[in-house]
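Computed from the coordinates by the stated procedures, all read-outs in this text should not be read as laboratory data. Everything quoted here is computed from the prediction, not taken from an experiment. Here the Cβ positions follow ideal geometry from the backbone for every residue, glycine too, while neighbour counts run over all protein chains shown.
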Amino acid sequence: MKGRRGLGLIFLFIILIAPLFADEPEKEFYFRGGFYLDWYGAAYPDSDFYHQLSSRLKVELFNRRGQGWNLLIDTRNRTRLSEEASNHLILYDARINFERSNSPWYLSLGQMNLYDTAGIGQLLGGLVGFKPKPGLLLGGYAGLESSVYISRTDGDYKKFGVFARYLGNRGKRFSLSYNLVRYAGETERKYAHFGSLFPVNKQLVFYGNMEYELASNVQAGDRLSRIFLNVRYEPIQLIDVTAHYSSGRGLDYHGFVIEASKNPTLNDSTLEHYYYTRQYGLRFSLNPIQGIRLFVARQESEQKDENILNHTWRFGFSALNIAKTGFTVYGNYSVNRGEISESDSYYISFAKDFGRISWSVSFSNTFNGIRFSPGIEVPQIIHMDDYKTIASDFFIPFSRAIALSLQYEYFIQEKSNQHLFFIRLILRK
């Protein structure tokens, strides 16, 4: 109930101050947004047919970003229509912003995501920033620990912090923050977060983020609690090399919940990395001719607390617009070895545009997937024994404002078949 009360106060505040937003009364009212209506159905073996209806509203009002006051709302309401009916309100954004090119001040109030500034995820509260020079933002924030599932907001969890963020040319981004998380008056976590996207030139790009624990009760070996590094190097158009390294406290559950709430059909054989506390690898790609790409990748995964190691070789290719027919094909094969590794896996897909209509079909063997179970509000990662999956997708734009997406997946397994259906209607302005 605390979450619903907080949400109500946000919208009441928005309604009360909305008339003050019009800095220039003669200026045309700005509106940009979209409405998404989804139906998702799943037929699992030995289970009732699961289906749900959801609607998502995503709008930006009053002014464009960077041109004064504006209001951002991004919310979804999801209703389960099966026997055990339920309803969930998901709130990604509901915030008032102030930002203007000729003003050094920045303000944001409401439910927001602070991954790009403080690296703390969701916050129900406020942020104030100051720009001493273009591209550099210094500020602080305070509020409640929040979840996109608004009913879970806990008033005992509070977040505070200060940050600095720099945005440069060619996409350069640096952020540094000091963050404090308290529960019922006690300090639960105190840490620094650093993030960067740094294109050295057109050939070399670095991306990474890390968290360093500052609390006195954290042992020295545990202070670097999360790190992710990615480097891409393209010396010539013919080849490119990508290296990555990540280590941390298991999966990024918060990020996963957001992605799964946006796309209930998220099924991915690469979900293995959610189980591991360290992963690193190297990928080499070759582009022998335009539209053709070949790649080979090596990856090591380690579950450090149980000393479990897995090893993966992945080989793949893609071909775009084959013989100028508009036909595209992509495939990969993974050789998985290790103490608890999955079996070898493969994936192949074909796609083609028929005028404005896009169609794709794929075939794969799947081992990790997502399931919505009765009584559980968030999707669960499950392991399946050698499912083979056939999937087909259509995307049909009727106009610039209206589009329809259709998706069907059939999971083949002896004595245990499964169907997934997904329909999305998109209205945009």
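Quick look at the values:
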{"item": "Scaled radius of gyration (Cα, divided by 2.2 N^0.38 Å) that the range 151-205 gives", "result": "1.62"}
{"item": "Full-stretch length increase - TRP39, ILE412 - with 0.36 nm per residue and alpha-carbon distance subtracted", "result": "132.0 nm"}
{"item": "Members of LYS133/LYS172; LYS324/LYS429; LYS131/LYS202 lying beyond 26 Å, as alpha-carbon distances in this model show", "result": "LYS324/LYS429; LYS131/LYS202"}
{"item": "Within the range 109-150: backbone nitrogen closer than 13 Å to the ARG182 label point (7 Å, Cα to C-beta)", "result": "142-145"}
